[in-house]
Every structure is written in structure tokens, then in C-alpha cells.
Amino acid sequence: MSYLFKKYLPILILLITVSSINQWSYIPLGNTYIWWAIYTCILFAMYKSRNIFLDQRSRILINVLNWYLLWNVCCIFRGFFIAENYWEWKNLIATSMVLLLPLSINISTNPFIIQKIISNWMKYALPAFFIFIFFIKGEAIGRYLIPISFLLLFFPILKIKYKIIILIFSLFVFLGDLSARSNIIKFSIPLLLSTIYFARFIVNTKLLEFLRVTLLATPLILFGLGVTNVFNIFKMEEYISGSYTTLKRSNGELKEENLIADTRSLIYTEVLSSAIKNNYIWIGRTPARGNDSDAYGAHAFEELKTGKMERFSNEVSILNILTWTGLVGVILYFFVFYKASYLAINRSNNIFLPIMGLYIAFRWAYAWVEDFSQFDLSYFFLWIMIGMCFSQSFREMTDRDIRYWVLGIFNKRYRRSVVKQPEQVTAEIAVAR
């Protein structure tokens, strides 16, 4: 069983790369049912991996994540009693798979299997990028190359030739579609945070902890200011003078897009109003349903013939979590990010886990702006990083250990005993007991 998972799980995860760009492909890449079958296999493999790859020393630390996962399962179960038509059942199945992605904790605490997954991606998916690039739209580039953004967190310790590779592929993202702001941000922030490595002898834990808490608290403060009409950060046109536009291709035509336009206030208003009106603010509407929407609900009402003016999901990740799992889900989600980033910054033996902890805190903040909730590489790698921060195996590594672990992704000869096979870890735990 262990051998099968080690061999085939990294291959299955490679396929997420393809599904991540399906929406922006000029040719169909599979269909819904094929991808559901693949996702089911991945989730099942991650579930069964608990006793194979999970860092057993981290079990007690991931309780908060288990509570979040358990609540998601409860919301999914409630969805079976709420779904009323084909589209709601379809939404329930697709969204349930997204909410079950925290199962990746069973593999992401193990340095060996994560190194294997990323190494496989670099070996097969990265060269294949030069094939896919001919039939995908600009925004898909950043979604395809998400593992590159992950490696940017370790940029300072890469060898020159690997740095050049990472920078070249990052340039594809920056030049591919400037209107895809989320992609630009997800590649810029890791590179910026990686520079902390050069100041590691100056930057102390207290400063990093202050930055972490600031990132976690900022969206809550801004949300409070927004709902009380004191300050709305999304209305940038009121605070920034000048014209900031770019060209974006839509339906085969180039159209001008305002980069500072407020595209979020209406979504917040509709989601919150729907939750209050329908009395699901605390426990959510389940993954089977979306929020009431006068602005975007016509598609479901008229074209899908659901008879309901609803929008199944939104661009803002935290609003999706609120709609599907309620305020209870949002609170548990927050504590997952809080605990993971806390452990990374305050309980690590290297500088790279604190850097990753800051990035996770940033992703919590960014979830209030965008960060789609989908079964794709971006969301998958977010949970991979959360698992790494919970992992005692990763946190006890030294900077030198991390360097060899990262270089081992590119070349087998850099792999050292610090990256242990799952059987070694299991045997050591048995001896310790």
C-alpha cells in the first residue's frame, strides 16, 4: 500500500495541473465526470495516507484542522437534505471536494512525499508547459505555474541555474496577462518574503510575530470599517487619482479594464444580505447552495432553470466559506491559519518555515479580496504549505537541511538523510514508543 501511494499519488496530483487551466483552455481538457473521478481518487489516497505519510509527532497539533474538516463534513452531510435540483447536486459534489482538500495534511507533513510530488511536477509538468501555452489564455499561465510560486519562497538558496529557471517561468506569469492581478500577487509576495533570508540575523521572532498578527488582523479591521461605512478599501478610485487601466481579451476582443475599479463591495453586500435574510449566518447554506444575487443570479434562474436567483460561488474565498459553512466555518478556518503561522514562526529551527508562515498569514488576508475556492493547484498548494507548518519534521530542519531538501527537488544527488522514507519515520516512532 505504501509503495502504491508513493508511486501513484504524485502522478495523480500532476493531473490537477491540467484541471487548473481547463477554464481558460481553447480546447476541452476532459469533462466534469472525469475530473470528479480523479479528484475522488486523490482525496481517497490522501485519506488512506494518514497512517503512512502523516508525521505522527504532529498529530496533536493538527486538532484545529481536524475540527475544521469535521465541520466541513457536517455541512456536506446537511447539503444532501437541502439540494433540490440537478445543479444544486452538482454544486454539492464539486464544492464538497474543495472542502475536503484539508485531507492533504496526511501527506503534507512528510518531507519525502512533498519533495517527490514537487520533483515530479518539475520533471513532467514544467516541460509540458511549452505545449499547453499554445492553447490557453493568459490568466491560465499563473494557475499552471503555481509550484514555481512555491519555490520562490526558497529563492535565495537555489543554485544559479535553478534561479534562472524559476525567474524565466515567473516572467511568463508577469508578461502573460497583467489584468490577472491575483497571479501577479501570488508570485510577487513569495519572492518579496524570501528576501527575509538575507536579514535572518537581524530579523527576530518578535518582528515576524508582529507581521503575522498584523496580516491576520488587518482584514478583520478593514471589514469592520467597511460595514460601518467608515472606510471601504475597495473604493480605491476615491483615494487614488489617475488612470490605471490595462487591456484584457474578452470574447475575442481586447477591452480596456480599470485596475482600481471596485469589484468587491457589491459581492460583500449580496453575500452578507443573503446570509442574514435567510438566517444561515452561523451554520451556512451548505455546499449545495449559493447566495442570493440580483446582480449575478440571472444565469442560474434563466439559463440553468433553477428558479432561484443565486450565485453558487464568488471570487472572494472567505465569502464562499461563509456561504457554505457559515460563521462557524470562518472561525475554524481562521484558527487553522492562526495555528499554522504561529507554529511556523515561533516553533521552527530554520528561517524558511517562518517565511512560509508569513505567506500563509498573507493568504488569510488575501482570502478577503480574492483567492478562488477551487480544486486547483493554488488551493492545493495552500494546504500543502499549511501542512508543512504543522509538521514537526519540517520545523525541526535547519537552514542547511531545508537547502538540501529544496535542491533535492531538482536533483536526486542533493537528497540527504533528512528526507526520510515513510517506512523510516514509522519505524522510528515505533522504537520511541
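The values are calculated or read from the model by the stated rules, or taken from the named source; none is laboratory data. In this text the structure is predicted, and so the values were computed from the model without any measurement. Counting neighbours? That spans all protein chains shown, and the Cβs are built from the backbone with ideal geometry, glycine included. Remember, those area values only see protein heavy atoms, side chains included, never the ligands or the DNA or RNA. Shrake-Rupley method; radii C 1.70, N 1.55, O 1.52, S 1.80 Å.
Brief remarks follow.
- Filtering the range 309-328 to residues that are assigned to a loop (DSSP other than H, G, I, E, B) and open to solvent by 40 Å² or more (accessible area, probe 1.4 Å) leaves Met309, Phe312, Ser313, Glu315.
- Contact map, the range 17-43: first residue of a type in the set (Phe, Trp, Tyr), second residue part of a strand (DSSP E or B) and open to solvent by less than 20 Å² (accessible area, probe 1.4 Å), Cβ cut-off under 9 Å, separation 6 or more or different chains; pairs are Trp24/Ile136; Tyr26/Ile136.
- Hey, Val203 without any contact (Cβ under 8 Å) to a residue 40 or more places away in the chain, aliphatic (A, V, I, L, M), surrounded by 20 or more Cβ atoms within 10 Å (Cβ to Cβ) and touching a helix residue (DSSP H, G or I) at 6+ places or on another chain (Cβ under 9 Å) or not: no
- Some residue of the range 293-300 being surrounded by 21 or more Cβ atoms within 10 Å (Cβ to Cβ), in contact with a strand residue (DSSP E or B) (Cβ under 6 Å, 6 or more places away or on another chain) and of a type outside the set (S, T, N, Q): yes
- Unmet criterion (only one of (1) open to solvent by 20 Å² or more (accessible area, probe 1.4 Å); (2) within 24 Å of Ala344 (Cα to Cα)) for Trp36: (2)
- Being at pLDDT 95 or above and β-branched (Val, Ile, Thr) holds for only one residue in Ile141, Ile160, Ile131, Ile136, and it is Ile160.
- Yes/no for Cys41 being out of contact with any Cys (no Cβ under 8 Å at 6 or more places or on another chain) and at pLDDT 95 or above: no
- Some residue of the range 385-405 being modelled with pLDDT of 85 or more, within 30 Å of Thr263 (Cβ to Cβ) and open to solvent by less than 10 Å² (accessible area, probe 1.4 Å): yes
- Answer from Ala361, Ala340, Ala344 - the residue that is within 17 Å of Leu103 (Cα to Cα), of a type in the set (A, V, I, L, M, F, W, C), out of contact with any strand residue (DSSP E or B) (no Cβ under 7 Å at 6 or more places or on another chain) and at pLDDT 95 or above: Ala340
- Considering the range 219-243, the residues that are open to solvent by 70 Å² or more (accessible area, probe 1.4 Å) and either farther than 26 Å from Ile360 by Cα or more than 30 Å from the chain's Cα centre (by Cα) (or both) include one that is modelled with the highest pLDDT, namely Thr228.
- Taking the range 76-87 as the range and being surrounded by fewer than 23 Cβ atoms within 10 Å (Cβ to Cβ) and part of a helix (DSSP H, G or I) as the test, the residues that pass are Ile76, Phe77, Arg78, Phe80, Phe81, Ile82, Tyr86, Trp87.
- Taking the range 143-200 as the range and being of a type in the set (Phe, Trp, Tyr) and without any contact (Cβ under 8 Å) to a residue 60 or more places away in the chain as the test, the residues that pass are Phe155, Phe169, Phe172, Phe174, Phe187, Phe198.
- Within the range 39-53, the set of residues being more than 15 Å from Asp376 (Cα to Cα) and open to solvent by less than 20 Å² (accessible area, probe 1.4 Å) comprises Ala45, Met46, Ser49, Phe53.
- Residue within the range 271-281 that is part of a loop (DSSP other than H, G, I, E, B), closer than 23 Å to Leu100 by Cα and without any contact (Cβ under 8 Å) to a residue 60 or more places away in the chain present: yes
- Scope the range 26-75; condition more than 21 Å from the chain's Cα centre (by Cα), part of a loop (DSSP other than H, G, I, E, B) and within 17 Å of Pro10 (Cα to Cα); matching residues: Ile52
- Where Asp294 falls short, out of the listed (1) in a helix (DSSP H, G or I); (2) over 27 Å from Ala180 (Cβ atoms): (1)
- Among helices (runs of 4 or more DSSP H) entirely within the range 106-204, having at least 3 residues that are farther than 20 Å from Asn22 by Cβ and of a type outside the set (Phe, Trp, Tyr) singles out 111-120, 160-176, 181-194.
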